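Colleague: Input: one structure, supplied below.
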Amino acid sequence: MRSASGRWWWRLDPVATVVHGVAALILLTFLVYPISRIVLNSFLPLDTPFGLGALTLEHFARFVASSLHRKALLHSLTVSLAASVLALALGLPMAFFVARVRIPGKTLILSLGTLPLVVPPFLGAYSWILLLGRNGILTSLFKATLGVELPSIYGAPGIILAFTLGYFPYVFLLGYGALSSADPSLEESAQIMGAGRFRITRTVTLPLVTPAVAAGMLIVFMQSLGSFGVPAVLGGEYYVLTTLIYFQIVGHFDLNAGGAIALVSVAFTAVSLFLLYRLTERRGYVTVTARTYAARQLEGRGIRCLAMTYCLVVLLVALIPQGMILLTSFAERWGRGALPTVYSLGNYRRVFTAAWGPMQNSLFLAMVATVTAAVLGTLMAYVAIRKAGRGRWILDLTITLPFIFPGIAVGVAILSGFSSGFLILSGTWMILAVAYVIRRMPYIFRSASAALTQIDPAMEEASATCGASWLRTSTRITFPLMLPGVLAGACITFSTLLGELSTTIILYSARWKTITVAIYEYLIADLLGPASALGTLLTVAVLTSMLLANRLLGRTLGSLFRMV
Amino acid sequence: MPASLIIEELCKEFGAGAERVAAVRSVSLEVQAGELFTLLGPSGCGKTTTLRLIAGLETPTAGTIVFDGQDFTSLPPFRRNLGMVFQSYALYPHMSLFENVAYGLRARRLPEGEIRRRVHEALDLVELAGLDARRPAQLSGGQQQRIALARALVYGPRLLLLDEPLSNLDAKLRVFMREEIRKIQQRAGITTIYVTHDQEEALSISDRLAVMYQGEVVQVGTPGAVYESPASVGVADFLGRANFLDSKVIAGVGGLVRVRLSSGAVVEIPRGDPTWEPAWGEAATLFVRPERVQLGPDGGEGSLRIEATLARFTFLGGIVRYVLDAGGTRPILADLQRLLSGAEVGKRVAVHILPADLRAYPGSQRPWGETQ
C-alpha cells in the first residue's frame, strides 16, 4: 500500500511518530522510571543516595533473618494457596451444576455469582467479624444454643474464608465457560465407544476443563496475594506480605524495605502469570468447527435437587457479607440479637456530612483516571496493533507490566518514583491519578486491542480508497467501531477504581482521602454504622457502573471478568 | 441379503408445549447387512436426528429401532457396540493419536498387548501407521478424518455411523476421502449409515440412499434409480441439475401419462410419482436432466422436438452448458460433451428430448427451495 502511493507516508507516519513518541514518554516517565526506582531502592539502605558501593541485599536478607518477614511470606503463600484450593472446591461443582444440569434461573445464578467480584472484598471481610468475631452474631448464637466455641475468625481462617468467598467466582465463571462451550460430541463419541459416565468424566470432561479451571485458580492466587484490605481488616497480628509492606512504609517510613517486600511478591505473581499464559495458550484446542448440539443437560430429579440446593447455599453464603453491610448501614442500635433493634437513616446522614470530601475525591479521581486511561489505552492499542509492526511486543509488554504488580506494589513504585527526584507528586491528587492510570491502563489496552483485532483492516482500507484522510478514517470508522469495547472497559475500570484500596492506602494524603480509605478508617475505629453506609453507597455506585458496561456490551456480567 | 437394521415409524420431537417441533416425523427404513446406506437431504430434514436416534444419543418420541434382532430403542449408546464419526471428528485434543484410537478398547478393558496390536492394525487400515505419539492438532483435516474412522472401527463395532464426515474438508480432498471411506468400509465389511447433504457425495458413495425432507423419507433406492426416476419434483431438483417443462394432462395411460406441451406437441411420458392419478386438464410438470437433452437438426427416433433460442453457453471443463429460451417460464439447460458447430447466441436451435428420459409429476409440486 505504501509503495503504491507516496502520499501514505505523509498521511500515516507523522501521526504514528507523534503517538509513538507520546506513548514512549508516558510509559518511560510513569511506568519504567518508578519501577526502576523501586527495584534500585530495594537494594539500597534507607536514606542512602545511589552508588554501586552502597548496594546491599539487607532488605532481602530479612526474609532469612527476620521471623516476621519469614512468617509474612509463609502466611501469604498459605492463605493464597488455601483460598485457591477452596475456591476450586466451591466453584467447580457450581460450574458443573449450572452448565450441565437442567435448573431454572441460570442467568440469575451467573449474575449473582459474579457479585462477589464486583464488591470490594475488604468490605465483605468486615461483615465476617460481625458474624463470627469475638462478639459476632453467630459466635454468640452458637455459644448460647449449642455451647460450641467457634474458632477465632482473626488470622488465617478469616482471611481464607473472605478470599475464598470473594474470589471463587473466578473458578466458577471460567469453569462454567469451559463446561458449557466444550464440543458435546467429544463426550458423545466416548459414549458411543462404550465408555460409562465415570470413565467419560475422568478421561474426557475433566481434562478438557482443567486449563480453564487452573487459570481460575491462578487468578484467585494472584488476587489473594495482592490483597491488602482483607488481611488488614481480618489479620490482626497475622502479617502477610501486603500488610508487612504497609507496616514498613507507614510504620517505619522505610520505602526501600517496603519495595524489597513488594518485589518478592511481584516474583510470585510473575510466576503465576507466566503459568497462566502457558495455560491459556494451550487452551486453543479445538480446530474443527461444526454445528453442534448444546451441552447435554442432566435431567434426573436427584441431581437437579442437589444442583439447585448447592447453588443456592453457595450464593447465600457468598452474599452474606453484602447483606450484612446493607443491614448494618440502616441499623441505629444493635443489641445482642440477630437483628438490629432500631433502624434509621442516621448512618447515611452522618457519612454525607463527615465523608462528603472522600466521596467527591473518589468520584473525581476515578473519573480523571478512567478518562485518561481510556484515551491513552485506546491510542496505544491502536498504535500497537495497526502501526507498531515488529515493535509491538515491547509496547505490549510495557503496558501490561502492572499486571504482575499487586496493587500495593504499584503504590510503592509510584511513591518511590515521585516522592523525590525530578518530579515530585506526593501529597497531590496527581500521584493517585497516575497510579490509577498505570494500574488500569492494561485493562483498557486489552479490551481496546481485542476490539481492534476484530475490526477487519479492509474497512479502514475501504475508507482510504474512498478518499478519506487518515484522520477521517480513524474518527469515522475505526474509533466508533472500537467504542463499545473501550466504553465497557472504561466502566469496569471506573468501578474497580472506586473500590480501590491497595494502591490508595500507600499514596493518599489528608487532603486526598478516598471513600475506601474513609471506610477503612471507620472500620479501624470500630464505627461500623458509617462504614457500612459508605460501603453500601460504594456498592451501589460500583454495581451501576458494572451494569452500564453490561448494557454496552450486551453480555452477561460474568463475561466481563474473563481477563485472560 | 437379510435386513440388518429395521427402523419403524420413528418419531422425535424436541421442546415442549407450544414450542414442540418434530425433527423426525415418521421414518421407516430397512438397511441390509454390509450395505453403505446414506441419509440424504437439505439441512433441517431430520437426517442427523435420525442418525443420533440410531446411535442412542437421542431417545425417540415414538417408533422402534431393531438391529440384528436386538431391540435398540431404549438401549444406552455404550451398550449398542457402534462406531461413529462426528462432523467435528470429536478427536480428544488432550490425548495422543494412540490414546484416541485406543479409547474404545480401554473402555472394553482389553489387555494392554491386545490394545497395542489392534490400535496398530486400525492405524494400518487407515494408512496412518507410525503417528501414534502425535496430537490431533498436529494433523491435517484428512488425517484427522482417518483417525476418527480408525477410532470408530478399532473395537469391531457391528454398525458404523458417519455424520457429515467430509464437510470440514476442501473440495478436492472431499472427493479423495469419500473414495477412501468407501474402500475402508468395504474392507471392514461393516454395515454403515452415512449422513450428508451433498447429493454428489451421496450418489457416488452409497449402495442405497434415502432422501429425507421435513422429517420424512421421501424416496429410497439405489443412486441410479433415485437420480433417474426421482419420486417428486423436489427430489429431482435436489439431486442435481433439472429442467422442468409445463404441460397439461390429456389422460393417464397405464404407467404413462399423455400430456400436451405449450408448443402443442403431445407425448406419452412415464409417471415420476407412482401414487399420482392424473386427470384431464390438470397441470403437469415434466422433468429431464440437462445431460439427456440433445441439440441439433435431428434427434433420436420418436424424440420430442422443441424450438428454442440459444441464450448463452458456458464451458464447464468436461461439458458445455447451453441455456436455451423456449418461451416457457424457465430456460432449458442442455449439457453437451462438445461445442456445437455454428452455435451462436441468439440463433434458433432445435431441442430434442426422448420421452423415456422425461418424468411427469403433478403440476402442484415445486422444487424444495421454492416451496419455503
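The values are calculated or read from the model by the stated rules, or taken from the named source; none is laboratory data. In this text, all values refer to a predicted model and were calculated from it rather than measured experimentally. Quick reminder, even Gly has a Cβ in these numbers, built from the backbone with ideal geometry, and neighbours come from all protein chains shown.
Colleague: Which is in contact with a Ser or Thr (Cβ under 9 Å, 6 or more places away or on another chain), farther than 30 Å from B:MET212 by Cα and of a type outside the set (Phe, Trp, Tyr), of B:VAL266, B:VAL320?
Modeller: Selected residue: B:VAL320, the only one of B:VAL266, B:VAL320 that is in contact with a Ser or Thr (Cβ under 9 Å, 6 or more places away or on another chain), farther than 30 Å from B:MET212 by Cα and of a type outside the set (Phe, Trp, Tyr).
Colleague: Further question: Would you be able to say whether some residue in the range A:442-449 is outside any helix (DSSP H, G or I), touching a residue at least 60 places away in the same chain (Cβ under 8 Å) and in contact with a Ser or Thr (Cβ under 9 Å, 6 or more places away or on another chain)?
Modeller: Keep residues of the range A:442-449 that are outside any helix (DSSP H, G or I), which gives none.
No, the range A:442-449 contains no residue that is outside any helix (DSSP H, G or I), touching a residue at least 60 places away in the same chain (Cβ under 8 Å) and in contact with a Ser or Thr (Cβ under 9 Å, 6 or more places away or on another chain).
Colleague: Could I ask something else about it? Can you work out which of the residues in the range B:161-174 that are within 18 Å of B:GLN87 (Cβ to Cβ) and over 14 Å from the mean Cα position of the chain (by Cα) is farthest from the other protein chains (Cβ to nearest Cβ)?
Modeller: B:ALA171
Colleague: Of everything in the range A:417-441 that's hydroxyl-bearing (Ser, Thr, Tyr) and part of a loop (DSSP other than H, G, I, E, B), which residue is farthest from A:LEU552 (Cα to Cα)?
Modeller: Of everything passing the filter in the range A:417-441, A:SER420 is farthest from A:LEU552 (Cα to Cα).
Colleague: Looking at (1) modelled with pLDDT under 90; (2) among the polar types (S, T, N, Q); (3) within 18 Å of B:ILE190 (Cα to Cα), find the lone condition where B:GLN70 falls short.
Modeller: Of (1) modelled with pLDDT under 90; (2) among the polar types (S, T, N, Q); (3) within 18 Å of B:ILE190 (Cα to Cα), only one is false for B:GLN70: (1).
Colleague: Tell me yes or no: at least one residue of the range A:84-105 is under 19 Å from A:LEU306 (Cβ atoms), more than 21 Å from the chain's Cα centre (by Cα) and of a type in the set (D, E, K, R).
Modeller: Yes: the range A:84-105 contains one or more residues that are under 19 Å from A:LEU306 (Cβ atoms), more than 21 Å from the chain's Cα centre (by Cα) and of a type in the set (D, E, K, R).
Residues are listed down the side, and each one gets a yes or a no for (1) assigned by TED's automatic domain parsing to the domain that holds A:ARG304; (2) outside any helix (DSSP H, G or I); (3) of a type outside the set (Asp, Glu); (4) surrounded by 19 or more Cβ atoms within 10 Å (Cβ to Cβ):
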| residue | (1), (2), (3), (4) |
| --- | --- |
| A:LEU40 | no, no, yes, no |
| A:PRO45 | no, yes, yes, no |
| A:PRO49 | no, yes, yes, no |
| A:HIS59 | no, no, yes, yes |
| A:ALA72 | yes, no, yes, yes |
| A:LEU77 | yes, no, yes, no |
| A:ALA87 | yes, no, yes, yes |
| A:PHE97 | yes, no, yes, yes |
| A:GLY124 | yes, no, yes, yes |
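Colleague: Sticking with this one: Among B:ARG187, B:ARG135, B:ARG151, B:ARG182, which is within 14 Å of chain A (Cβ to nearest Cβ), surrounded by fewer than 19 Cβ atoms within 10 Å (Cβ to Cβ), of a type in the set (Lys, Arg) and out of contact with any Asp or Glu (no Cβ under 8 Å at 6 or more places or on another chain)?
Modeller: Details: B:ARG187 fails: within 14 Å of chain A (Cβ to nearest Cβ); B:ARG151 fails: surrounded by fewer than 19 Cβ atoms within 10 Å (Cβ to Cβ); B:ARG182 fails: within 14 Å of chain A (Cβ to nearest Cβ).
Only one candidate passes the filter, namely B:ARG135.
Colleague: Scan the range B:37-88 for residues that are basic (Lys, Arg) and either within 30 Å of B:PRO230 (Cα to Cα) or more than 10 Å from chain A (Cβ to nearest Cβ) (or both) and report the count.
Modeller: Quick first cut of the range B:37-88, residues basic (Lys, Arg) only: B:47, B:52, B:79-80.
From the residues that got through so far, the ones that are either within 30 Å of B:PRO230 (Cα to Cα) or more than 10 Å from chain A (Cβ to nearest Cβ) (or both) too are B:47, B:52.
Selection size over the range B:37-88: 2.
Yes or no, residue by residue, for (1) surrounded by 22 or more Cβ atoms within 10 Å (Cβ to Cβ); (2) under 24 Å from B:ALA350 (Cβ atoms); (3) without any contact (Cβ under 8 Å) to a residue 40 or more places away in the chain; (4) within 29 Å of the chain's Cα centre (by Cα):
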site	(1), (2), (3), (4)
B:ASN243	yes, yes, no, yes
B:ASP246	no, yes, no, yes
B:ALA251	no, no, yes, no
B:VAL267	no, yes, no, no
B:GLU277	no, no, yes, yes
B:GLU282	no, no, no, no
B:GLU291	no, yes, no, yes
B:SER303	no, yes, no, no
B:THR309	no, yes, no, no
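Colleague: Right, next: Please determine whether any residue of the range B:222-232 is within 18 Å of B:THR49 (Cβ to Cβ) and assigned to a loop (DSSP other than H, G, I, E, B).
Modeller: So the first thing to find is which residues in the range B:222-232 are within 18 Å of B:THR49 (Cβ to Cβ), and the list is none.
Among the residues of the range B:222-232, not one is within 18 Å of B:THR49 (Cβ to Cβ) and assigned to a loop (DSSP other than H, G, I, E, B), which makes the answer no.
Colleague: Mind checking which residues of the range B:89-106 are at the interface with another protein chain (Cβ under 8 Å from one of its Cβ atoms) and of a type in the set (Ser, Thr, Tyr)?
Modeller: B:TYR89, B:TYR92, B:TYR103
Colleague: State the number of residues belonging to the range A:174-195 that are assigned to a loop (DSSP other than H, G, I, E, B), within 7 Å of another protein chain (Cβ to nearest Cβ) and over 20 Å from B:LEU159 (Cβ atoms). Outline the logic, then answer.
Modeller: Here is the first cut: in the range A:174-195, the residues assigned to a loop (DSSP other than H, G, I, E, B) are A:182-183, A:193-195.
With within 7 Å of another protein chain (Cβ to nearest Cβ) added as a condition, the list becomes A:183, A:193-195.
Imposing the further condition that a residue be over 20 Å from B:LEU159 (Cβ atoms) reduces the set to A:183.
Qualifying residue count for the region: 1.
Colleague: So is B:ASP198 more than 30 Å from B:LEU256 (Cα to Cα), modelled with pLDDT under 95, under 10 Å from the mean Cα position of the chain (by Cα) and not hydrophobic (A, V, I, L, M, F, W, C) or not? I'd like the intermediate steps shown before the answer.
Modeller: Details: more than 30 Å from B:LEU256 (Cα to Cα): yes; modelled with pLDDT under 95: yes; under 10 Å from the mean Cα position of the chain (by Cα): yes; not hydrophobic (A, V, I, L, M, F, W, C): yes.
So B:ASP198 fits the description; yes.
Colleague: Moving on. Out of contact with any Ser or Thr (no Cβ under 6 Å at 6 or more places or on another chain), at pLDDT below 90 and in a loop (DSSP other than H, G, I, E, B): which single residue out of B:SER88, B:SER43 fits that description? Spell out the reasoning first.
Modeller: Values: B:SER88 fails: out of contact with any Ser or Thr (no Cβ under 6 Å at 6 or more places or on another chain).
So the residue among B:SER88, B:SER43 that is out of contact with any Ser or Thr (no Cβ under 6 Å at 6 or more places or on another chain), at pLDDT below 90 and in a loop (DSSP other than H, G, I, E, B) is B:SER43.
Conditions (1) at pLDDT below 80; (2) of a type in the set (Val, Ile, Thr), marked per residue:
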position	(1), (2)
A:ARG2	yes, no
A:ASP13	yes, no
A:GLY21	yes, no
A:LEU27	no, no
A:LEU31	no, no
A:ILE35	no, yes
A:GLY51	yes, no
A:LEU73	no, no
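Colleague: Please find, among A:ILE200, A:ILE192, the residue that is surrounded by 24 or more Cβ atoms within 10 Å (Cβ to Cβ), assigned by TED's automatic domain parsing to the domain that holds A:ARG100 and either under 27 Å from B:LEU75 (Cα atoms) or without any contact (Cβ under 8 Å) to a residue 40 or more places away in the chain (or both). Explain how you work it out, then say what you get.
Modeller: Working: A:ILE200 fails: surrounded by 24 or more Cβ atoms within 10 Å (Cβ to Cβ).
So the residue among A:ILE200, A:ILE192 that is surrounded by 24 or more Cβ atoms within 10 Å (Cβ to Cβ), assigned by TED's automatic domain parsing to the domain that holds A:ARG100 and either under 27 Å from B:LEU75 (Cα atoms) or without any contact (Cβ under 8 Å) to a residue 40 or more places away in the chain (or both) is A:ILE192.
Colleague: Still on this model: Looking at the range A:320-341, can you tell me whether even one residue there is part of a helix (DSSP H, G or I) and touching a His at 6+ places or on another chain (Cβ under 7 Å)?
Modeller: Taking the range A:320-341 as the starting set, the residues that turn out to be part of a helix (DSSP H, G or I) are A:320-329.
Narrowing further to those that are touching a His at 6+ places or on another chain (Cβ under 7 Å): none.
The answer is no, given that none of the residues of the range A:320-341 is part of a helix (DSSP H, G or I) and touching a His at 6+ places or on another chain (Cβ under 7 Å).
Colleague: Any chance the range B:70-88 includes a residue that's under 30 Å from B:GLY130 (Cα atoms), more than 23 Å from the chain's Cα centre (by Cα) and among the aromatic types (Phe, Trp, Tyr)?
Modeller: Yes, the range B:70-88 contains a residue that is under 30 Å from B:GLY130 (Cα atoms), more than 23 Å from the chain's Cα centre (by Cα) and among the aromatic types (Phe, Trp, Tyr).
Each row is one residue, and each column tells you yes or no for (1) of a type in the set (Val, Ile, Thr); (2) under 24 Å from A:ASN347 (Cα atoms); (3) surrounded by fewer than 22 Cβ atoms within 10 Å (Cβ to Cβ); (4) in contact with a helix residue (DSSP H, G or I) (Cβ under 8 Å, 6 or more places away or on another chain).
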{"site": "A:SER502", "(1), (2), (3), (4)": "no, no, no, yes"}
{"site": "A:LEU507", "(1), (2), (3), (4)": "no, no, no, yes"}
{"site": "A:LYS513", "(1), (2), (3), (4)": "no, yes, yes, yes"}
{"site": "A:THR516", "(1), (2), (3), (4)": "yes, yes, no, yes"}
{"site": "A:ILE519", "(1), (2), (3), (4)": "yes, yes, no, yes"}
{"site": "A:ALA531", "(1), (2), (3), (4)": "no, yes, no, yes"}
{"site": "A:LEU534", "(1), (2), (3), (4)": "no, yes, no, yes"}
{"site": "A:VAL540", "(1), (2), (3), (4)": "yes, yes, yes, no"}
{"site": "A:ARG551", "(1), (2), (3), (4)": "no, no, yes, no"}
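Colleague: Do we have B:ASP273 as part of a strand (DSSP E or B), surrounded by 11 or more Cβ atoms within 10 Å (Cβ to Cβ), within 32 Å of the chain's Cα centre (by Cα) and touching a residue at least 60 places away in the same chain (Cβ under 8 Å) here? Before you say what the answer is, go through the steps one by one.
Modeller: Values: part of a strand (DSSP E or B): no; surrounded by 11 or more Cβ atoms within 10 Å (Cβ to Cβ): yes; within 32 Å of the chain's Cα centre (by Cα): yes; touching a residue at least 60 places away in the same chain (Cβ under 8 Å): yes.
When the stated conditions are applied, B:ASP273 does not pass them.
Colleague: Return the pairs, sorted by first residue and then second, in which the second residue is among the acidic types (Asp, Glu) and part of a helix (DSSP H, G or I), the first residue lies in the range A:335-356 and is at pLDDT 85 or above, the beta carbons are less than 9 Å apart, and the residues are 6+ apart or on different chains.
Modeller: none
Colleague: Another question, if that's okay. Go over the candidates B:ILE181, B:ILE193, B:ILE205 one by one and state the one that is within 19 Å of B:SER140 (Cβ to Cβ), among the β-branched types (Val, Ile, Thr) and assigned by TED's automatic domain parsing to the domain that holds B:GLN145.
Modeller: On the way: B:ILE193 fails: within 19 Å of B:SER140 (Cβ to Cβ); B:ILE205 fails: within 19 Å of B:SER140 (Cβ to Cβ).
Result: B:ILE181 is the single residue among B:ILE181, B:ILE193, B:ILE205 that is within 19 Å of B:SER140 (Cβ to Cβ), among the β-branched types (Val, Ile, Thr) and assigned by TED's automatic domain parsing to the domain that holds B:GLN145.
Colleague: Given the criteria in contact with a Leu (Cβ under 8 Å, 6 or more places away or on another chain), buried (at least 19 other Cβ atoms within 10 Å of the Cβ), at pLDDT below 90 and over 24 Å from A:PHE163 (Cα atoms), does A:ALA257 qualify?
Modeller: Numbers: in contact with a Leu (Cβ under 8 Å, 6 or more places away or on another chain): yes; buried (at least 19 other Cβ atoms within 10 Å of the Cβ): yes; at pLDDT below 90: yes; over 24 Å from A:PHE163 (Cα atoms): yes.
Yes: the conditions hold for A:ALA257.
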